[in-house]
Amino acid sequence: MLQDSESEAGIVALFEPDQEKHSDHKKNKKDKRIKKQVRQLRREHASPRQKKNVKPDEEDTMDTFLGLFDPAMENETTQDIDELNGNVNHGEVQYSGRRSTLGGVRRGPSVAILPDQLPSEPQEGNIEYKLKLVNPNHERFKRLVSQMQWRLREGLGEAIYEIGVEDSGILLGLTQEELEASMKTLRRMAKQLGASLTVIREKTISGHNGQTRKAAEVLVRKVPDDQYSIELRIAVLGNSDVGKSTLLGVLTRGELDNGRGCARLNVFRHRHEVCSGKTSSISLQLMGFDSQGNVIDQTCTRSRDYDDEDICSQSIKIINFIDLAGDQKYLKTTVFGLSGYSPHYAVLVVSAFSGVAPMTEEHLSLARALDVPIVIVVTKTDIASPQQIQRTIHDLKKFLTQPGYKRVPLIIENEDDAITAGSNQLDNNIVPIFCASSVTGDGLVLLKKFLFVLPPRMSNKEREKLEQEPSEFQIDEVFHVDRSIVVGGLLTRGVVMQGATLLLGPMDNCSFVPVTIGSIHRNKVPCRVVCAGQSASLSLRGPDLSLRKGMKLMSIESRPRACFYFQARTQVLHHSSSICRGFQATVHIGNVRQTAVVEGILGSRGLHTNDRGSVIFRFLRQPELVQNGARLLFRQGSTKGIGKVIQVFEEEPDNVDLYFGVAR
Ligand SMILES: Nc1nc2c(ncn2[C@@H]2O[C@H](COP(=O)(O)OP(=O)(O)OP(=O)(O)O)[C@@H](O)[C@H]2O)c(=O)[nH]1
Ligand SMILES: [Mg+2]
């Protein structure tokens, strides 16, 4: 954990712009300190398994014990639950796929602790090292362009070029003239592909003879052909009244708040929300960036009634914020938003003034159970005293680093930190913490910078694999527009084209009925195709249907089967006594939310807090489409638990003829 005096210094620096102008010496010293702290945190929070490299006896016993009753569990270990808990090997700070090496894979979280030797250039992924690109001949230029195209594909439309760096990772740097010539070539290459360039950082390296040389980190961005823009989904969590809706209002509209709720008005969906000031539903807010990282808001469109269509048409990157409710009485809706909308990241908003609340911890645990990486924004810094801000950060750090959670908090103090945290696609164990005010605008520039470079959490290979699978569209919203039905949701697998026939269900009798896809809209803009990982609205043509959230549209070849009964490997996170047969809870599996009853617990009479067991559930209201391996959350009052579906007991559809008739 950070020493108090050190964290205080960090916080003071946030509010004193002069402090940002460190001398090199001071910066190096500070970065060494951060590096040391990260190492220390890794050591402190390494799991016992990591430390001893042995499997704990009790876990072995548990597995064997459950295995006796449950053949489906033979090949599984408690690793599943560990994964659900986020307890997998997080001892090492790991960086996946897209890494910004100048930002420092080995250097740690801040630019100044960059060693002269970087990791050697990764073969795969979207990072390319180039020592220099001075006047390449025609052949080499062509090769460079196709290489850039490949790197862009690897990064789903984004690539990072490290100029002045050898393939082995040594930062040699370039003279000013060489750097300018290299940048000129890079610009030509990007132009050829219709991509844009943004220099996100430059680094000065002092040479042996006192001559300074420079290395540059450049973000190359090209919107893939099948997409209008690069899209990220970010859920916004946090206790009630901490300023979530306000923050989104300020980020997306470009106008600051007055401290009395003016900025949140556009974020609300219902009149009663405007009256009470509390979010009660799930509201989607778009934030668009142009190629240079400028936010597309009303200041760009010169009109106050600009809409999502304007944002989409002018942006190359779109962030779809999911504003969720902080009030306890809307918790079910909040869990649905987090579980059903499959966000890539979650922003946890904490008020510096009121500090960490029980709901803050509740939301953190939810994100952890669903394996959604967290970014923390400490708001209301304008009305909180430095002591209150310090206490809030201290409490957050304490919570994040507690045994069993093992996250590494990283306070974002300057632009370098923001870019490093954003572009490195840090693994789940690092949690960036921003301090901001929606009234004064403090800290928002850093937050926007971070969001601009934050990548989607899926590699190109993963995306391509998902696209080849049979389609599955999960329905999160149903609208009736001019007598036709429109469903909004997420395509989790496959590709859906206009005019395609898909199976809609499950209906109450467990059947799926064929429907045709009419028009398709993404972010309110019409298009012809949706790919895996994208959210969209689809108009449906078919017989008179009663639709509900939680239904799916499946490709015919996937032959979907609904279920009432399913078995899940679960862990009880909290229960006042024990969970037994007959216990009822709201179960969340992706966008499925329904009350289910415990029909049996294998090998046990009841599960107490922290107990693990294999439980058979039955949906009470209607059948659902549930897949093996899906994550599950259940709650009832203060009782909560997590789990993974390990077996689904499929029902025979009533209209089997129609179903198979279509399939043939
Ligand atoms: N002074 C100050 N006030 C803020 C700031 N951010 C939000 N507020 C105020 O805090 C109040 C609550 O803001 P909301 O955005 O509605 O809070 P919320 O987190 O969305 O609350 P729920 O929807 O109930 O979960 C409003 O009156 C805002 O004007 C800030 O940075 N500084
Ligand atoms: Mg709100």
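The values are calculated or read from the model by the stated rules, or taken from the named source; none is laboratory data. Keep in mind it's a predicted model, so treat the numbers as computed, not measured. Positions of Cβ are backbone-derived with ideal geometry, glycine not excepted, and every protein chain shown enters the neighbour counts.
Here is a list: 283, 291. Which entry is at pLDDT below 80, of a type in the set (S, T, N, Q) and either surrounded by 16 or more Cβ atoms within 10 Å (Cβ to Cβ) or within 10 Å of ligand 1 (Cβ to nearest atom) (or both)? Full working, then the answer.
Values: 283 fails: at pLDDT below 80.
The conditions single out 291.
Are there any pairs with C-beta distances below 6 angstrom linking a residue in region 158-178 that is on the phi > 0 side of the Ramachandran plot to a residue that is aliphatic (A, V, I, L, M), with the two at least 6 apart or on different chains, and if so which?
That search, which allows pairs on different chains as well, returns 164/174; 164/215; 169/118; 173/205; 173/215.
Among the candidates 524, 552, single out the residue that is out of contact with any strand residue (DSSP E or B) (no Cβ under 7 Å at 6 or more places or on another chain) and in contact (Cβ under 8 Å) with a residue 12 or more places away in the chain.
Values: 552 fails: out of contact with any strand residue (DSSP E or B) (no Cβ under 7 Å at 6 or more places or on another chain).
Being out of contact with any strand residue (DSSP E or B) (no Cβ under 7 Å at 6 or more places or on another chain) and in contact (Cβ under 8 Å) with a residue 12 or more places away in the chain holds for just one of 524, 552, which is 524.
Can residue 439 be described as more than 21 Å from residue 555 (Cβ to Cβ), touching an Asp or Glu at 6+ places or on another chain (Cβ under 7 Å) and not basic (Lys, Arg)?
Yes; evaluated as a whole, the condition is true for this residue.
Based on this model, can you work out whether residue 222 counts as among the basic types (Lys, Arg), surrounded by fewer than 23 Cβ atoms within 10 Å (Cβ to Cβ) and closer than 21 Å to residue 523 by Cα?
Values: among the basic types (Lys, Arg): yes; surrounded by fewer than 23 Cβ atoms within 10 Å (Cβ to Cβ): yes; closer than 21 Å to residue 523 by Cα: yes.
So residue 222 passes the test.
Got a sec? Which strands (runs of 3 or more DSSP E) wholly within region 432-503 have at least 2 residues that are in contact (Cβ under 8 Å) with a residue 60 or more places away in the chain and surrounded by fewer than 22 Cβ atoms within 10 Å (Cβ to Cβ)?
Working: elements: 472-481, 484-493, 495-497.
Correct list: 472-481, 484-493.
Please enumerate the residues belonging to region 354-407 that are within 16 Å of ligand 1 (Cβ to nearest atom) and among the basic types (Lys, Arg).
380
Within region 382-423, work out how many residues are touching a strand residue (DSSP E or B) at 6+ places or on another chain (Cβ under 7 Å), closer than 19 Å to residue 352 by Cα, assigned to a helix (DSSP H, G or I) and not polar (S, T, N, Q).
Residues meeting the conditions: 5.
Of the residues 256, 247, 171, only one is within 16 Å of ligand 2 (Cβ to nearest atom) and farther than 23 Å from residue 141 by Cβ; which?
Working: 256 fails: within 16 Å of ligand 2 (Cβ to nearest atom); 171 fails: within 16 Å of ligand 2 (Cβ to nearest atom).
Only one candidate passes the filter, namely 247.
Name the one entry in 462, 415 that is of a type outside the set (Ser, Thr, Tyr) and closer than 30 Å to residue 594 by Cβ.
On the way: 415 fails: closer than 30 Å to residue 594 by Cβ.
Answer to the check: 462.
Is there a residue in region 255-273 that is more than 16 Å from ligand 1 (Cβ to nearest atom) and modelled with pLDDT under 80?
As a first pass, look at region 255-273 and keep what is more than 16 Å from ligand 1 (Cβ to nearest atom): none.
Checking region 255-273: not a single residue is more than 16 Å from ligand 1 (Cβ to nearest atom) and modelled with pLDDT under 80.
Okay, residues lined up against (1) farther than 20 Å from residue 196 by Cα; (2) surrounded by fewer than 22 Cβ atoms within 10 Å (Cβ to Cβ):
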residue	(1), (2)
133	no, no
137	yes, yes
142	no, yes
147	no, yes
151	no, yes
156	no, no
159	no, no
162	no, no
170	yes, yes
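Could you tell me whether any residue of region 602-619 is buried (at least 20 other Cβ atoms within 10 Å of the Cβ) and part of a loop (DSSP other than H, G, I, E, B)?
No, region 602-619 has no match at all.
Can you say whether residue 400 is without any contact (Cβ under 8 Å) to a residue 40 or more places away in the chain and not β-branched (Val, Ile, Thr), as far as the supplied structure shows?
On the way: without any contact (Cβ under 8 Å) to a residue 40 or more places away in the chain: yes; not β-branched (Val, Ile, Thr): yes.
Taking the combined requirement at face value, the residue satisfies it.
Just give me the residues in region 346-378 being touching a helix residue (DSSP H, G or I) at 6+ places or on another chain (Cβ under 8 Å), among the hydrophobic types (A, V, I, L, M, F, W, C) and not in a strand (DSSP E or B), in sequence order.
Listed by number, the residues that qualify are 352, 353, 356, 359, 364, 366, 367, 369, 370, 372.
So residue 134 fits all but one of (1) in a strand (DSSP E or B); (2) over 33 Å from the mean Cα position of the chain (by Cα); what number is the exception?
(1)
Test residue 352 against the criterion of being among the small types (Gly, Ala, Ser), buried (at least 24 other Cβ atoms within 10 Å of the Cβ), over 20 Å from the mean Cα position of the chain (by Cα) and outside the structural domain of residue 535 (by TED's automatic domain parsing), and give yes or no.
Answer is yes for this residue.
Give just the number: which of (1) touching a Gly at 6+ places or on another chain (Cβ under 8 Å); (2) modelled with pLDDT of 90 or more does residue 573 not satisfy?
Single failed check for residue 573: (2).
Name every residue in region 322-345 that is surrounded by fewer than 19 Cβ atoms within 10 Å (Cβ to Cβ), in a helix (DSSP H, G or I) and within 12 Å of ligand 1 (Cβ to nearest atom), in order of residue number.
328, 329, 331, 333
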